[in-house]
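Read the figures in this text as sums done on the coordinates, not as results from a lab. Computed from a predicted model, the values in this text were never measured in an experiment. FYI the Cβ positions are ideal-geometry reconstructions off the backbone, even for glycines, and counts take in every protein chain you see.
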Amino acid sequence: MVNIVRWRIPKEKSNKQFEVWREMMDYQKSHPEKVYYTRSRFFTFTEKGSSEESWMFLDEYEHREDYDKWMKAVREDPELVKLMEAWFPKWAALIVPGSKKGEVWTEVEKLRVEPRKKA
């Protein structure tokens, strides 16, 4: 299962965007017991000539229950609630209004391919 969130920011806010997300990800790295995904990755894309930069993160979960636990934790764990209340306004201030979209995708496991990694 993958939680995908996409948004845009003005290109001139790119460094600030990175710093805001680094703050959140540094917290998650130092508190692995608080997160339930198996991997989180970020991607950016800028169309030629655009004044905006597109961002996306993908959080991968082994099971839907893990995603549900994370969603519950960010609403109920006092430490996470406090963190999110302080952090979300920083992120929201950078986002182009109306550009943020989140989707949760379920894997078709029968079509999964995991080639062996080369040494």
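Some points to look at:
- Entry remark, the range 55-82: residues being under 19 Å from residue 26 (Cβ atoms) and free of Cβ contacts under 8 Å to residues at least 24 places away in the same chain number 3 in total.
- Scanning the range 1-17 for residues that are without any contact (Cβ under 8 Å) to a residue 40 or more places away in the chain and either surrounded by 15 or more Cβ atoms within 10 Å (Cβ to Cβ) or in contact with an Asp or Glu (Cβ under 6 Å, 6 or more places away or on another chain) (or both) turns up just one, 14.
- Screening residue 91 against (1) among the aromatic types (Phe, Trp, Tyr); (2) in contact (Cβ under 8 Å) with a residue 24 or more places away in the chain; (3) in contact with a strand residue (DSSP E or B) (Cβ under 7 Å, 6 or more places away or on another chain) leaves a single unmet condition, (3).
- A single entry from 85, 52, 103 fulfils the requirement of being surrounded by fewer than 11 Cβ atoms within 10 Å (Cβ to Cβ), touching a residue at least 12 places away in the same chain (Cβ under 8 Å) and either within 27 Å of residue 12 (Cα to Cα) or touching a His at 6+ places or on another chain (Cβ under 7 Å) (or both): 103.
- Qualifying positions in the range 34-49 - surrounded by 13 or more Cβ atoms within 10 Å (Cβ to Cβ) and either of a type in the set (A, V, I, L, M) or in contact (Cβ under 8 Å) with a residue 24 or more places away in the chain (or both): 34, 35, 36, 37, 46
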